[in-house]
1. Given (1) touching a Ser or Thr at 6+ places or on another chain (Cβ under 9 Å); (2) touching a residue at least 40 places away in the same chain (Cβ under 8 Å); (3) buried (at least 20 other Cβ atoms within 10 Å of the Cβ), where does residue 348 come up short, assuming only one miss?
2. Every residue in the range 123-139 that is within 15 Å of the ligand (Cβ to nearest atom) and outside any strand (DSSP E or B), please.
3. Would you be able to tell me the number of residues in the range 223-243 that are crowded, with 20+ Cβ neighbours inside 10 Å and either more than 12 Å from the ligand (Cβ to nearest atom) or not small (Gly, Ala, Ser) (or both)?
4. List pairs: first in the range 93-122 and under 15 Å from residue 206 (Cβ atoms) and assigned to a loop (DSSP other than H, G, I, E, B), second among the small types (Gly, Ala, Ser) and at pLDDT 95 or above, Cβ under 7 Å, 6+ apart or cross-chain?
5. Do you know which residues across the range 80-105 are over 14 Å from residue 231 (Cβ atoms) and among the hydroxyl-bearing types (Ser, Thr, Tyr)?
6. Within the range 191-206, does at least one residue satisfy the condition of being in a helix (DSSP H, G or I) and in contact with a helix residue (DSSP H, G or I) (Cβ under 7 Å, 6 or more places away or on another chain)?
7. Output the residue which, of all residues in the range 244-275 that are in a loop (DSSP other than H, G, I, E, B) and more than 16 Å from the ligand (Cβ to nearest atom), is surrounded by the most Cβ atoms within 10 Å (Cβ to Cβ).
8. Collect the residues in the range 314-323 that are surrounded by 21 or more Cβ atoms within 10 Å (Cβ to Cβ) and touching a helix residue (DSSP H, G or I) at 6+ places or on another chain (Cβ under 8 Å), keeping them in residue-number order.
Amino acid sequence: MINDVLQRRLAERHEQSRYRRRRVLASAQGPRVVVDGRELLLFCSNDYLGLANHPQLINAMQNAAQEFGVGGGASHLVCGHSLVHHRLEERLAEVTGRDRALLFSTGYMANLGTVTALIGKGDHILEDRLNHASLLDAGLLSGAKFQRFHHNDMADLERRLQSLPIEGKRLIVVDAVFSMDGDIASLGELSALATKYNATLMADDAHGFGVLGATGGGCGELFGLGQEQLPILMGTLGKGIGSFGAFVAGSDTLIESLIQFARPYIYTTAMPPAVAAATLASLDLLTTESWRRDHLRDLIAQFRLGAAQLNLPLMISNTAIQPLLVGDESLAMMISESLEAEGVLVSAIRPPTVAVGQSRLRITLSAAHSYQDIDALLGALSRVVPAELRSASQAL
Ligand SMILES: *Cc1c(COP(=O)(O)O)cnc(C)c1O
């Protein structure tokens with residue numbers, strides 16, 4: 001019974017060119033990975049700083065495993081909160097310039113836990129339409145009145161804020177860097193609107209933490225927004241930081257409330273302490289070595305210039321996320337497959353992750369790439385992107 005329904009849905013996915021399949025990597029994350037016995041140049045990882053396979057992180061993890069073992073053992077509230085977790089929370093508060101930070105096992109759980117702990121029935125949540133799935137799910141799960149405003153459209157958001165009833169709490173939630181587009185939210189204006197309309201602002205800095213700002217502190221540092229202006233700052237540790245997990249940073253009241261009320265925090269096993277130790281090592285590199293961010297910036301500029309010369313339809317972004325807009329999902333799949341034949345791995349992003357007609361190749365750059373790697377990517381793109389996509393270029 002259920003199998004028949006599932007098989008029909010799977011067949012439909014296939015027909016729509018939306019079927020997902022996993023590639024099996026036989027190597028660590030890095031500019032080159034091994035798939036099916038073949039080495040491919042990788043341009044779709046979120047390991048933006050090339051830290052996922054860094055010897056100092058590996059070393060820290062090995063040492064901590066010797067001392068603290070492997071398993072977290074229990075949830076943080078029972079007996080799983082180790083010294084390493086605690087130290088990492090203190091360090092994250094320091095790096096983000098917040099009073100406190102709280103570790104979550106994943107970013108998905110941090111978003112679900114935070115939103116549902118803070119608002120519920122009778123409250124209001126306003127989210128950018130292009131927010132990450134975990135934030136949209138969190139908004140739905142909260143039971144609050146849920147509105148999605150036009151992407152980064154402050155006038156639309158203000159209209160919606162003006163027409164809210166006075167009752168209930170108000171939460172505005174955005175991706176700081178939009179995960180499938182690479183553009184950055186107008187956090188200064190969002191913060192001003194939140195203040196003006198008595199709302200609280202939350203930013204998900206999954207793609208900014210470690211990468212944005214002079215010291216990699218993320219969107220708060222880039223925009224100069226402290227805890228007053230951006231009271232709920234969420235970041236992940238599995239992307240630019242090269243480790244695993246996530247955190248929420250803010251006031252003591254916020255963090256204590258999450259410890260009491262965030263169910264995905266309370267009812268889950270603490271991450272292995274050794275993972276937290278690796279994250280601490282990564283934060284050390286972040287503050288002592290800024291060359292990765294500088295090099296990444298140079299690679300982004302090189303790629304955008306080269307893509308403009310080839311009339312490639314890059315979306316407008318100056319972050320490590322450099323999507324090439326294709327439109328049709330089967331064409332996106334075809335280009336992705338042709339790139340793979342050229343030895344370059346970039347996955348095609350299709351509905352429902354993006355809107356229908358907005359399929360794209362989500363190209364991501366990493367500080368571990370070289371200028372030659374970018375040239376190789378541009379060369380492959382010049383050979384496989386069909387001419388019909390090359391006229392309306394908007395790069396640079
Ligand atoms: C990846 C991502 C998450 C989820 O983080 P995980 O730690 O991978 O669960 C949340 N928000 C955004 C914007 C993301 O890109």
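The values are calculated or read from the model by the stated rules, or taken from the named source; none is laboratory data. The structure displayed is predicted, hence computed values, not measured ones. Cβ: placed from backbone, ideal geometry, glycine included. Neighbour counts: every protein chain shown.
1. It fails just one condition, (2).
2. Quick first cut of the range 123-139, residues within 15 Å of the ligand (Cβ to nearest atom) only: 127-139.
Across the range 123-139, the qualifying residues are 129, 130, 131, 132, 133, 134, 135, 136, 137, 138, 139.
3. Applying the first criterion (crowded, with 20+ Cβ neighbours inside 10 Å) to the range 223-243 yields 223, 225, 230-237, 239-243.
Imposing the further condition that a residue be either more than 12 Å from the ligand (Cβ to nearest atom) or not small (Gly, Ala, Ser) (or both) reduces the set to 223, 225, 230-234, 236-237, 239, 241-242.
Residues flagged as crowded, with 20+ Cβ neighbours inside 10 Å and either more than 12 Å from the ligand (Cβ to nearest atom) or not small (Gly, Ala, Ser) (or both) within the range 223-243 amount to 12.
4. Here the result reads 105/245; 106/245; 106/246, each pair linking the range 93-122 to a residue that is among the small types (Gly, Ala, Ser) and at pLDDT 95 or above.
5. 82, 105, listed by residue number.
6. Start the filter on the range 191-206 by keeping residues that are in a helix (DSSP H, G or I), which leaves 191-196.
Of the ones still in play, those that are also in contact with a helix residue (DSSP H, G or I) (Cβ under 7 Å, 6 or more places away or on another chain) are 193.
Yes, the conditions are met somewhere in the range 191-206.
7. Here is the first cut: in the range 244-275, the residues in a loop (DSSP other than H, G, I, E, B) are 244-245, 251, 262, 267-272.
This time we only want the ones that are more than 16 Å from the ligand (Cβ to nearest atom), so: 251, 267.
On the way: 251: 15, 267: 11.
My answer is 251.
8. Step one: filter the range 314-323 for residues surrounded by 21 or more Cβ atoms within 10 Å (Cβ to Cβ), giving 314, 319-323.
Selection gives 314, 319, 320, 322.
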